[in-house]
Amino acid sequence: MGRDEEIMKTIQVKEIAEKLGATLYGNPEASFDSVFIDSRIVTDNSLFIGIKGEHFNGNELYLDAFNKGANVAVVEHIDVENVPEGKAVLKVNSTYRAILDLA
């Protein structure tokens, strides 16, 4: 294993929902082993955190992240009817706070 490679254990979304004070939509058994804030580079079995930026709103990109392999998304806003089967969305008050709580 290279020096820059890190191993993250697989985590089930139900393990972090309460810690984040999140409302869970979708599959409570969904899991992830990596975390991304850029929906363009998510990988299979990852968690995507939607961050609102100056020129974009990552909260609106969770479906793109799912299409690229993410299993879980953390967002501030969600259309609950748009959670693909097998995926999970955690709705939080602040995705910035969620990043701190996950660290």
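The values are calculated or read from the model by the stated rules, or taken from the named source; none is laboratory data. These numbers were taken from a predicted model, which means no experiment stands behind them. Cβ atoms come from the backbone with ideal geometry, glycine included; neighbour counts cover every protein chain shown.
Of all residues in the range 79-103, how many are loosely packed, with under 14 Cβ neighbours inside 10 Å and among the β-branched types (Val, Ile, Thr)?
Matching residues across the range 79-103 total 1.
Working carefully through the options 90, 100, 61, find the one that is out of contact with any Phe, Trp or Tyr (no Cβ under 6 Å at 6 or more places or on another chain), modelled with pLDDT of 95 or more and not in a loop (DSSP other than H, G, I, E, B).
90
Report, by residue number, each residue of the range 29-58 that is at pLDDT 90 or above, part of a strand (DSSP E or B) and closer than 21 Å to residue 100 by Cβ.
32, 35, 36, 47, 48, 49
Quick one: which residue in 86, 53, 69 is closer than 21 Å to residue 10 by Cβ and more than 12 Å from the chain's Cα centre (by Cα)?
When all the criteria are applied, what remains is 86.
Out of all the residues in the range 38-59, which are over 22 Å from residue 86 (Cβ atoms) and either surrounded by 12 or more Cβ atoms within 10 Å (Cβ to Cβ) or in contact with an Asp or Glu (Cβ under 7 Å, 6 or more places away or on another chain) (or both)?
Hits for the range 38-59 are 38, 51, 52, 56, 57.
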